[in-house]
Amino acid sequence: MRHFTDSKTKNKPSLNDALAGIKRPRRGEQFTPAALSKLDENLRQNGPIQTTGPAPQVPARAVRGCDGVWDLIIDTCPYCHCRHFHGGGGADQPSSYGHRNSHCGPWFDNPGYILEGEA
């Protein structure tokens, strides 16, 4: 279970409170402009939404690009629910699984996640 906490001050809203009224994207989609506007407003008023606890393990699809370099794709981020891309190296097999910082933008402050290859 993920733990979402207030940040450095007790008055900051939790993740659920900060995202109230914001339509979270469906799998692989991005935030709508209206949702981004609300996230920006929350960021200005309260700072980034902070998440505590250990970094979760997240499945990543490996796709080789036309340049021969692997992309590791997170279809649904555990924090913002968007799709993220990470580099996987240029070897015969992707070699860069492990801990990564999320690419959630300035709205989320979190411990990142641990990439695992899909079975």
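Give the percent of DSSP beta bridges with both residues in region 22-119 that are antiparallel, rounded to the nearest 5.
65
What list of ³J(HN,Hα) couplings, whole Hz, do you get for region 89-98 from phi and the Karplus terms 6.51, -1.76, 1.60, once you set θ to phi - 60° and write x for glycine and proline?
x, x, 6, 4, 10, x, 10, 10, 6, x
If I take the Cα coordinates of region 61-103 and project them onto the principal axes, what are the three extents in Å, biggest first?
31, 20, 13
So who's got an amide H within less than 5 Å of the one on residue 108, skipping anything under 5 residues away but keeping other chains? H placed 1.01 Å off N, in plane.
Under 5 Å from the amide H of residue 108 lie the amide H atoms of 49, each far enough along the sequence or on another chain.
Once phi is turned into θ = phi - 60°, what whole-Hz ³J(HN,Hα) does the Karplus curve with 6.51, -1.76 and 1.60 give for every residue of region 106-111, x standing for Gly and Pro?
These are the phi-based 3J(HN,Hα) values: x, 7, 10, 10, 9, x Hz.
Each reported figure results from applying straightforward, stated rules to the coordinates on display, with no laboratory input. Remember, predicted model here, so these are calculated numbers, not experimental data.
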